[in-house]
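See below for the structure under consideration.
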Amino acid sequence: MTNEFSTAGYWPGDFQEDGLQLWAENLRQQLRTPGVSLGLVFMAPKFFPHARQVLEILRVHARIPLLAGCSSQGLIAGGEELEENAGLALGLYSLPGRT
């Protein structure tokens with residue numbers, strides 16, 4: 001889901017450093033504005049052992065200056081609720097006057 005000031009994506013896989021880096025970079029490229037103001041991440045429990053690494057990968061490779069989020073057994077991605085083997089959902093936002 002992408003519009004002028006935001007984009008969002010879903011990572012259905014397991015922790016994979018190289019794959020997450022590429023996914024974060026590609027998601028950032030979908031944002032039509034020059035900078036990200038805010039990132040919101042939603043993480044399923046299977047990523048908890050790697051949470052610190054995942055957050056750093058997202059922050060660095062999607063160039064997110066402010067990253068917030070939460071964890072949950074299930075995620076909503078693309079209008080669909082995912083409870084079985086949920087992954088990561090990431091939204092990138094460019095807030096006017098805040099990039």
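Before moving on, here are some points about what is shown:
- Those residues of the range 32-45 which are surrounded by 14 or more Cβ atoms within 10 Å (Cβ to Cβ) and farther than 19 Å from T7 by Cα, in sequence order: A44
- Whenever a residue of the range 49-60 is over 14 Å from L22 (Cα atoms), its partners that are open to solvent by 70 Å² or more (accessible area, probe 1.4 Å) and part of a helix (DSSP H, G or I), lying with C-beta atoms within less than 8 angstrom and at least six residues away or across chains, give the pairs Q53/E17.
- Reported count of residues in the range 1-22, each being aliphatic (A, V, I, L, M) and in contact with a Ser or Thr (Cβ under 8 Å, 6 or more places away or on another chain), is 2.
- Enumeration of residues in the range 61-78 that are open to solvent by less than 80 Å² (accessible area, probe 1.4 Å), farther than 16 Å from T33 by Cα and either assigned to a loop (DSSP other than H, G, I, E, B) or in contact (Cβ under 8 Å) with a residue 60 or more places away in the chain (or both): S72, G74, L75, A77
- Number of residues in the range 46-56 that are at pLDDT 95 or above and surrounded by 20 or more Cβ atoms within 10 Å (Cβ to Cβ) equals 1.
- Looking only at the range 8-21, and only at residues there that are in a helix (DSSP H, G or I) and touching a helix residue (DSSP H, G or I) at 6+ places or on another chain (Cβ under 8 Å), the one that is surrounded by the fewest Cβ atoms within 10 Å (Cβ to Cβ): E17
- Screening R59 against (1) at pLDDT below 95; (2) among the charged types (D, E, K, R); (3) touching a strand residue (DSSP E or B) at 6+ places or on another chain (Cβ under 7 Å) leaves a single unmet condition, (1).
The values are calculated or read from the model by the stated rules, or taken from the named source; none is laboratory data. All figures in this text were calculated on a predicted structure; none of them were measured in a lab. For neighbour counting, all protein chains shown are included, and Cβ atoms are generated from backbone atoms with ideal geometry for every residue, glycine included. These area figures cover heavy atoms from the full protein model, side chains too; ligands, DNA and RNA do not enter into them. Shrake-Rupley method; radii C 1.70, N 1.55, O 1.52, S 1.80 Å.
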